[in-house]
Amino acid sequence: MAEAPETTEPQVRLDEIVALCKRRGFIFPSSEIYGGIGSTYDYGHYGVLLRHNLKNEWWRAMIGERDDMVALDSAILQHPKVWEASGHLEGFTDPLVDCRTCGLRFRADKLEDAQCGRKPSKHPGEFSECDLTEAREFNLMFETHVGPVKDTASVAYLRPETAQGIFINFKNVLQFARKKPPFGIAQIGKSFRNEITTGNFIFRTREFEQMEMEYFVPPAEAEKWHSYWMDERMRWYVDLGIRADNLTLRAHGAEELSHYSSATSDIEYLFPMGWSELEGIANRGDFDLKQHAKASGEKLEYFDQEKGEAYVPHVIEPAAGVDRAMLAFIVDAYDAEEVEGRKRTLLRLHPKLAPVKAAVLPLVSRDGMPERAREIYEQVRARVPAEYDEGGSIGKRYRRQDEIGTPWGITIDGQTMEDGTVTLRDRDTLEQERVPAEGLADLLAGKLAEPWRSPKLA
Ligand code: GAP
């Protein structure tokens, strides 16, 4: 198993990220007015916009820029036999230990990451009063009941991965899409796992969203495509601004592999709590299609017309978490610096990910500036997502936009009223230039399309 690279300390503390997300309306603890429900979060305005942009970029990379891919949106509730055949009912477990003293439950294989319930400076089992049970396997499936009668016949499960929805639709997709391997089916959707230990903000929650793609290939080509998708997925994060030094690929050891996988590599990111999985890229072989074919009695194979033979394709699966990717992008973008004796906190997000691309700000709320600013705002937002703000001092408004990661600020001042130019402020360099208001929307749309690299790399 490859070791994570030796890198310096994580660049920001998790509590700083949590505070910014709350302060600026990205992420709130769910059910907060009732005291919250553990490790469950609601996304506010800027959080929703950032998530939307992130998913959009994934769709663009998977569907928009390729000819070998189709989209799917399968149901969260599936026939219980799906989970029997997939092996989840039997094998989707984590080892669990209980502490008889504090009543808390821990993952037996992650005790070194957990805190003792009585003495938080120690790990479970290290404090003299700890009394841990033997480890036992705990199934992570979320059980529910379908219909009005709550009996064993009505048991169903919330899906723990979106992948199975793809496998059970293999035949449908093949019939309508007329694709031949290699081709992929991509899907974004919610998944649910009754995780034993959650925490680290949105890193591990019980309800989360996945972006998964199953790539069906001729068996002899599986290794080639596995390595292809590892490269592609690393490139996706880097192109969207994550610094390459904060990413690494780590191959799973045999003892770590999921029940369906013959080889998996994780893309790990240097989160505030250390190197952890961001995305998994698995070679699932023919495990899933064969299991579902056996259990359903349907043929789940591809008929190769040229060779006159049928075969079961092998599957390469890049599986990413929306919430986890969002945390990585926010962490990587977070920066704090001192400008003219004052602290400035900002998110140096890739402009394509930034929730708002441009803020239109009248310098003062008089002398016709708000009216002119509104006109300019209407033009700009017709091309790029923008926000209008006239409340408070200009410095305060800039700081607010910096913290939500808005790459460009447009200020309408006295000179605008005379010569029709505005100030264009760059979030990262703080440089300001005067540009004509006429054509500003085109200028910003052009800037948005340009390649971008994190200014932290400079
Ligand atoms: N279909 C394969 C699969 O689900 P996984 O490694 O268990 O593989 C894929 O999950 C990705 O989904 C992870 O890399 C992570 O980004 C995200 N993910 C998994 N469990 C999660 C959880 N409890 N909370 C947030 N994200 C999670």
Margin query: Can you show me the helix-derived [θ] at 222 nm for the chain, built from DSSP H runs with n ≥ 4 at -39,500 (n - 2.57) apiece and divided by the number of residues, rounded to the nearest 500.
Written below: -8000 deg cm²/dmol
Notebook entry, point to check: What share of all Cα pairs of region 56-128, in percent, falls into each consecutive 5 Å distance bin?
Noted result: 3, 12, 14, 9, 7, 10, 13, 11, 10, 6, 3, 1, 0
Check: Quick one: what Rg and Dmax do you get for region 23-177 from the alpha carbons, in Å?
Finding: 21.0, 63
Next item on the list: Any chance you could give the angle, 0 to 90 degrees and rounded to 10, that helix 440-449 forms with the longest Cα principal axis of the chain?
Entry: 30
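Over region 235-306, what number does the Rg to Rh ratio reach, with both radii from the alpha-carbon atoms and Rh per Kirkwood?
Result for region 235-306 is an Rg/Rh of 1.16.
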Next item on the list: For region 379-458 and region 107-173, compute the distance between their C-alpha centroids and round to whole Å.
Entry: 47
Item checked: Protection proxy ranking of 97-109, 331-343, 268-280 - average other beta-carbon atoms within 10 Å, highest first -> 268-280, 97-109, 331-343
Next item on the list: Note down the net charge around GLY25, summing +1 for each Lys or Arg and -1 for each Asp or Glu among other residues with Cβ under 11 Å from its Cβ.
Entry: +2
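State, to one decimal in nm², a quarter of the convex hull surface area for the C-alpha atoms of region 16-55, i.e. the direction-averaged projected area.
About 3.1 nm², averaged over all directions.
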Check: So what's the angle, to the nearest 10 degrees on a 0 to 90 scale, between helix 287-296 and the longest Cα principal axis of the chain?
Finding: 60
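Obtain the radius of gyration and the Kirkwood radius of region 366-453 from its C-alpha atoms and give Rg over Rh.
Rg/Rh: 0.93.
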Notebook entry, point to check: Around ARG136, what is the net charge, scoring Lys/Arg as +1 and Asp/Glu as -1 over all other residues with Cβ under 12 Å from its Cβ?
Noted result: -2
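State the percent of C-alpha pairs, over all pairs in region 129-179, separated by a distance greater than 19 angstrom.
On the way: 764 of 1275 pairs.
Here the tail beyond 19 Å accounts for 60 percent of pairs.
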Notebook entry, point to check: Taking all pairs of different Cα atoms in the chain, averaging 1/r and flipping that mean, what Kirkwood radius in angstroms comes out?
Noted result: 24.7
Next item on the list: Over region 417-458, average the accessible area per residue using a 1.4 Å probe and give it in Å², no decimals.
Entry: 59
Item checked: Stokes-Einstein diffusion coefficient of region 140-220, Kirkwood radius over Cα pairs, 10 °C, 1.306 mPa s, in µm²/s -> 105
Notebook entry, point to check: To the nearest 0.05, how large is the calculated FRET efficiency for VAL48 and TYR311 if R₀ is 41 Å and r is the Cβ-Cβ distance?
Noted result: 0.40
Next item on the list: May I have the pair-distance distribution P(r) for region 245-350, computed from all Cα-Cα distances with 5 Å bins from 0 and rounded to whole percent?
Entry: 2, 11, 13, 14, 13, 11, 9, 8, 6, 5, 3, 2, 2, 1, 0
Checklist line | Volume of the Cα convex hull of region 185-275, divided per residue and given in Å³ | finding: 140
Item checked: Percent accessible area from carbon and sulfur atoms, region 127-244, protein chains only, probe 1.4 Å -> 49
Note to self: At 1.4 Å probe radius, can you tell me the per residue accessible area of region 38-86 in Å²?
What the structure shows: 50
Check: Quick one: helix 14-23 against the long Cα principal axis of the chain, what's the angle to the nearest 10°, folded into 0 to 90?
Finding: 60
Notebook entry, point to check: Over all distinct alpha-carbon pairs, what is the Kirkwood Rh of region 289-440 in angstrom?
Noted result: 19.0
Check: Rounded to a whole number, what is D in µm²/s for region 373-417 from Stokes-Einstein with the Kirkwood radius over alpha-carbon pairs (10 °C, 1.306 mPa s)?
Finding: 139
Next item on the list: Any chance you could tell me what percent of the C-alpha pair distances in region 148-302 go past 19 Å?
Entry: 64
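The values are calculated or read from the model by the stated rules, or taken from the named source; none is laboratory data. Note that the structure is a prediction, hence the values are computed from the model and not measured. Note: ideal-geometry Cβ built from the backbone for every residue, glycine included; neighbour counts use all protein chains shown. Surface areas here come from the heavy atoms of the whole protein model, side chains and all, with no ligands, DNA or RNA. Shrake-Rupley method; radii C 1.70, N 1.55, O 1.52, S 1.80 Å.
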